[in-house]
């Protein structure tokens, strides 16, 4: 079931990304909505999808609807504004946003982490590039509330700034996955893009 759900999510994401690419065609929203709803309901009926779907062409929303449960145990239905734990799926979006900021000259792969986030061990040695390539040496977030609650980025960063019990390897010494790098990398975005710049 998990694999099917992942594939469906990917298919939905690709649909959203591809629609603006056909700029010469104006899609009929009611037709898109009817076909998408019919297609998605089949997956919902078999228990293979639960979530929120949005399809757009440029700034025009063609279809947006919530399906299934946000909490099966307590019988809470998904809503348009339901927040989801997307975990590692966020890495792709964060990396793409950083590439946009680099193209705009607002950020460099050689920038040090301490330029944007203070209090992180070796922050004056860790580069943006090392954060993206798992060579930053920052540690792991393994507190139970990290997985149970939807913590803010600031709350996730706090233990990365000195409260981790695992030893930090020297930055750039080796490639090692780190749960701390996700909130640290995400924290660069609003600080680098500056005030008045639209959010990603």
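The values are calculated or read from the model by the stated rules, or taken from the named source; none is laboratory data. Only a predicted model underlies this, so the values are computations on that prediction, with no experimental measurement involved. Neighbour counts are summed over all protein chains in view; Cβ atoms, including those assigned to glycine, are modelled from backbone coordinates with ideal geometry.
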Residue list for the stretch 45-68, restricted to those being more than 17 Å from residue 30 (Cα to Cα), free of Cβ contacts under 8 Å to residues at least 40 places away in the same chain and surrounded by 16 or more Cβ atoms within 10 Å (Cβ to Cβ): 52, 67, 68
Flag for residue 116 being in contact with a helix residue (DSSP H, G or I) (Cβ under 8 Å, 6 or more places away or on another chain), at pLDDT 90 or above and at negative phi: no
Residue 107 vs. criteria modelled with pLDDT of 85 or more, buried (at least 18 other Cβ atoms within 10 Å of the Cβ) and assigned to a helix (DSSP H, G or I): no
Failed condition for residue 106, given (1) in contact with a strand residue (DSSP E or B) (Cβ under 9 Å, 6 or more places away or on another chain); (2) assigned by TED's automatic domain parsing to the domain that holds residue 134: (1)
